[in-house]
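Take a look at the structure below.
Read-outs: derived from the displayed coordinates by stated rules, not from any lab. Just so we're clear, the structure is a prediction, and the values are computed from it rather than from any experiment. Please note: Cβ atoms are built from the backbone with ideal geometry, for glycine as well, and neighbour counts cover all protein chains shown.
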Amino acid sequence: MFKFFEENPEILAVMSEKKDGQMKLFERGSVKNRKKFFKKLGMNPKDVVSADVCHGKKVVTIRNNKKKIISKTDALVTNQAGIFLSITVADCVPVLMFSKNKKIIAVAHAGWRSTLKNIIYSTIEKIEKLGGNVNDLKVEIGPGIGQCHFEIGKDVINKFGKYKKFIKIKNEKYLVDLKEIIKFQLEKNGVRKENIKTSKSCTYCDEKYFSARRDKNKRVEAGVVVIGKIK
Ligand SMILES: [Zn+2]
């Protein structure tokens with residue numbers, strides 16, 4: 001599994017691999033697979049609060065673990081220890097945030113749609129509402145589709161507006177560097193460059209991860225990203 005914030009032992013944050021099985025909410029086998037994965041990490045599955053992602057821009061602040069699934073939401077934020085926040089991904093980029101001073105954590109599901117809707121800004125806004133500050137915010141951009149494989153149609157290019165400079169034309173293909181767009185947005189919103197770490201892994205290239213574009217299954221299969229503060 002991929003580990004985030006390895007220098008911060010107070011944080012447990014990981015992304016599952018294909019071998020851990022289907023993790024997409026409401027899909028066959030996912031309840032069992034998720035339970036097994038969370039238990040293996042030493043988490044109580046009851047402490048996991050999951051976003052049912054939809055490529056939107058909604059961010060929800062979690063105050064307790066009563067509600068386990070937050071519908072139509074792409075990012076979660078909390079300052080409560082012992083609550084684990086989760087999203088699912090299959091090419092979309094997971095963006096994890098951690099404010100050490102204020103003990104706030106966040107996870108965002110940043111596909112291109114949510115990224116263009118500025119989910120990064122909305123997540124930072126919620127962190128600030130909890131008293132966090134971008135100056136001490138550490139961010140990790142996880143494995144997700146790389147520019148090598150993120151091809152878009154000509155019809156979609158205009159939607160990228162000011163981010164067109166992150167699109168490269170190669171053999172008449174339009175390739176988007178989504179992770180760089182996210183990084184650009186983070187810096188634009190005040191996150192320090194030295195506090196941003198980006199995984200080089202492309203989920204399409206690296207077969208240990210689920211990739212919606214590569215796998216092309218009728219049923220979307222996805223991995224889970226989970227982050228929590230250990231008490
Ligand atoms: Zn690739």
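Scanning region 87-105 for residues that are without any contact (Cβ under 8 Å) to a residue 40 or more places away in the chain and in a strand (DSSP E or B), we see that the one that is nearest to V49 (Cα to Cα) is I104.
Of the strands (runs of 3 or more DSSP E) lying entirely inside region 41-86, not one carries at least 2 residues that are in contact with a Phe, Trp or Tyr (Cβ under 8 Å, 6 or more places away or on another chain) and in contact (Cβ under 8 Å) with a residue 40 or more places away in the chain.
Screening R34 on (1) surrounded by 14 or more Cβ atoms within 10 Å (Cβ to Cβ); (2) under 16 Å from the mean Cα position of the chain (by Cα); (3) among the charged types (D, E, K, R) shows it passes everything except condition (2).
For region 117-148, the tally of residues that are within 16 Å of the ligand (Cβ to nearest atom) and without any contact (Cβ under 8 Å) to a residue 60 or more places away in the chain stands at 5. Condition check: aliphatic (A, V, I, L, M) and within 16 Å of the ligand (Cβ to nearest atom). Does V89 satisfy that? Yes: the conditions hold for V89.
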